[in-house]
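Presented below is the structure to which this report refers.
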Amino acid sequence: MDYKLQVGVQSHLEMGSLEDRSMQDLHDECLHSPETDARKNQTTYSNEPLPFSDGRLPAGCNNMIGHGVYRSIKTVVFSNKLNLLMPFGPLAILVHKLTAHNGWVFFLSLLGITPLAERLGYATEQLAFYTGPTIGGLLNATFGNATELIISIYALKSGMTRVVQLSLLGSILSNMLLVLGCAFFCGGLVYHRKEQVFNKATAIVNSGLLLMAVMGLLFPAVLHYTHTERQYGKSELSLSRFSSCVMLVAYAAYLVFQLKGQNDLYAPINEENLDDDDDDDDDDDDDDDDDGGGGGGGGGGGGDDDEAPEISKWESGIWLVILTAWISILSDYLVDTIQGASEAWDVSIAFISVILLPIIGNAAEHASAIMFAMKDKLDISLGVAIGSSTQISMFGIPFCVVIGWMMGQEMDLNFQLFETATLFITVIVVAFFLQEGTSNYFKGLMLILAYLIVAASFFAHEDPTSANEKKQP
Amino acid sequence: MDYKVQVGVQSHLEMGPLDDRTMEDLDDECLFPSEMDAQKTQSVDPNQHISVSGSLPFNGNKMTRNGVYKSIKTVVFSNKLNLLMPFGPLAILVHKMTDSSGWVFFLSLLGITPLAERLGYATEQLAFFTGPTVGGLLNATFGNATELIISIYALKSGMKRVVQLSLLGSILSNMLLVLGCAFFCGGLVYHGKEQVFSKATAVVNSGLLLMAVMGLLFPAVLHYTHTERIVGKSELALSRFSSCVMLLAYAAYLVFQLKSQTDLYVPLGEEVNQNGENLDNNDDDEDEAPEISKWESIIWLAIMTAWISILSDYLVDTIEGASDAWDVPIAFISVILLPIIGNAAEHASAIMFAMKDKLDISLGVAIGSSTQISMFGIPFCVVIGWMMGQEMDLNFQLFETATLFITVIVVAFFLQEGTSNYFKGLMLILCYLIVAASFFVHEDPPTDDQSKQPGT
């Protein structure tokens, strides 16, 4: 969830009050608003228990722990309407135990994962408040798409490398076309008098990274398809692994570049505003580093001025672990039943992995991107959509290749010609649309229609290699 | 012919008298200049004649003959290009008398050219009377009516490959040759400075072209990687679905364009009354005078369309014979020869506008035409084929799809800067040479639906 950090960074560049509005906007789905307001009033109050709860929680009295746990659960679990989907998780496990109906289990686990993914992002951001901008940015950059990565790792363990490739590809495509298109479209409809603008530089940097990822994916595929490998079967794998390491280095450099760029701005700003951050440093507005894994809620304690963390550091960590565990369990069921679901619904595995899985999995990000676009904060929407795509393509995919390497699975970067061509043309189209720096409802509609064409193509597409996708016991 | 509507729009953004000059420039190939001047002074009169010609059937014979004579003079004799008109009937004659497919093909091609230009003219004239919205729609649909008519005839004969190739060739020639010539000639005339054009329009059009390429790419790749679910069926179903999506996108594009124009129209419409001719509501009439009445436009439209259909029939019939006679592949004829000669009029006007430093209009002619064919013409033919029961799909085969892809990328790249000079024009022309050469050596892999189905 990069955008939350962007919001945190931009608070130093724009008016501070914008921040509180954003936080409240994000929580306007909150079920128990009085509690949230009460907690907001407790922001300064919550600063004090921090040193208290850090080291001494185990030693605190039971009453305090019980109360803290209850409050924590209420904050994390009950404060989001999306969490109504949470019972579907255990329901999926129940159905799996009772019946052998793979289609239902798959669908229910999918629904169950969605709120968990959103809460995982929430917990990550909360934790980022306490760890400072650098590690916070790193956390977001890594865990931002943790759900997809967890699903992929489970699929890798089962030897279903094709599902991994397809689901990651689908995630990139849906972020670039569907989420971005919906954001442009809805924002354009709301603001149809004018053209919305966004930070061109950020968009271009991300487009460049996406193009580089396509390059990394293209060479193994072309090598394989033209039958011009030196050692058939081996060369392609080695090339993939080498390219993956290179791409990971590139991604690391990207993070360093972003954080360094922000730090150079941070130091002078922090000295200027010790109290509140509602100074508009307009000359820094055109800095392009407020995207991606950028500096947490603020340097040092600066973040607490604008965004109050709602749960303590230990709570964040614990929730992170709990949510990750839950997601892992549900992912296991998901991966197990994907073949059964494909047969039950009579759609190809390719279609499920590329289209269905990412759409439902990304539902929360989708909703927030649209919401930010309708509030004319297109930069944040862009951060959600394109930043996520960049992260998956430059970090997620190579990371899975390396994990596969360690596991002994032959996961490579050869996504087969059809998928690679799809990614290539999509990246070009999106890069082209973004380069202007403006948006309107027509562009959004174009992107959505392009996604329709992509989805239809995958519906008509029979994956040649999925025949050999058997789950290894 | 989007550019004329653009001219109508731009008249509100630029100086009024520019338009009268424009009309005169377009007619400076006129054979009877004195009549033209007389007609220009009569420009106010046609408005009166509108109400008169509505009752044309009831007037005296003398008035009808006079009106018909004037109409014929305006439409038929006012353009040098119309010297080619006799070639049409000549082609039919030759076809009846000899068996030489090559000659018939060539003559029908020459005969179609002036008709295509006059069709565009009649469409613009009609657009004056229908208001900006419907006028824009008319231009957007009939702008490439010639290509569509030829394609529909080819579809009826089951020659879907010719359809694909001719539409592709039209896109390529518009994007590379017409645009390149326009840039080149304009750049030579204004070699001191760089000509600029509206970047926003160019970028929107490039985006649409890219989306069209996307629509064409998937069926081709699906077919080529043999990854269809149901061989032969999936690709067709995908093509038809994509065509509907593309038509939807084109409709949205029109809506978007017209909406943004209307937002500009309203405030300016009140200012323009300072121009010489003051009319009440129809904005277009204030700056450009329609030369023929509304009914005349429609009648001429119908006549031109009928003539073009007849000649297209001969064209499609003899394309195979011409290919044998001249010993060039059908692909080359469809992709290179047909569009060049068919588009000659648009070609000439694009160059002319560029040399008058009105690059936006040239761009509208060239790129707008490409967009129209790719986002409307091609999907439209797929849908028409669907209704006819012909298996026309979006799989243009790998070579053609790759050509279109690389061309769109090159052109989009050239356009994104918003400036032009003779060097860019030269590059585009040379690119077209390469494309033409590639198609000269390209043998289209034979498919079984190439033979003309009997009984048409």
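A few comments on the model shown:
- Net charge of neighbours whose Cβ lies under 11 Å from the Cβ of A:Asn414, counting Lys and Arg as +1 and Asp and Glu as -1: -4
- Rounded if a/c under 1.5, otherwise prolate or oblate - region A:136-180, Cα gyration tensor axes: oblate
- Over 24 Å (Cα to Cα) - which of A:Lys375/B:Lys199; A:Lys194/B:Lys259; A:Lys200/B:Lys424; A:Lys200/A:Lys260 fall in this group: A:Lys375/B:Lys199; A:Lys200/B:Lys424
- Region B:94-241 shape via C-alpha gyration tensor axes, a/c threshold 1.5: oblate
- A full extension of the chain between A:Lys157 and A:His192 corresponds to an added length of 7.7 nm, given 0.36 nm per residue minus the alpha carbon distance.
- Peptide-level mean, for B:244-256, of C-beta atoms on other protein chains within 10 Å: 3
- Measuring spread by the Cα atoms of region B:347-441 yields a radius of gyration and Dmax of 16.0, 47 Å.
- Centre-to-centre separation between the Cα atoms of region A:206-234 and those of region B:101-145: 47 Å.
- Cβ-derived FRET efficiency at R0 35 Å, A:Leu211 paired with B:Ala437, nearest 0.05: 0.70
- Ranking of A:Cys182, B:Cys244 by count of other Cβ atoms within 10 Å, fewest first: B:Cys244, A:Cys182
- Extension gain, B:Met97 to B:Met388, is 101.5 nm, computed as 0.36 nm per intervening residue step minus the present C-alpha separation.
- Sorting B:82-91, A:363-372 by their mean Cβ neighbour count within 10 Å, with the most densely packed peptide first, gives A:363-372, B:82-91.
- Length, then width, then depth: along the principal axes, the Cα atoms of region A:62-173 run 45, 37, 24 Å.
- Shielding by other protein chains, B:225-232, mean Cβ within 10 Å: 5
- The ranking of B:His223, A:His192 from fewest to most other beta carbons within 10 Å of each one's beta carbon is A:His192, B:His223.
- Ranking of A:Arg193, B:Arg229 by neighbouring Cβ atoms within 10 Å, starting from the fewest: A:Arg193, B:Arg229.
Read-outs throughout are calculated quantities, based only on the coordinates presented, and are distinct from any laboratory measurement. Computed from a prediction, not measured in an experiment: that's the story for all the values here. We place every Cβ from the backbone using ideal geometry, glycine too, and count neighbours over all the protein chains shown.
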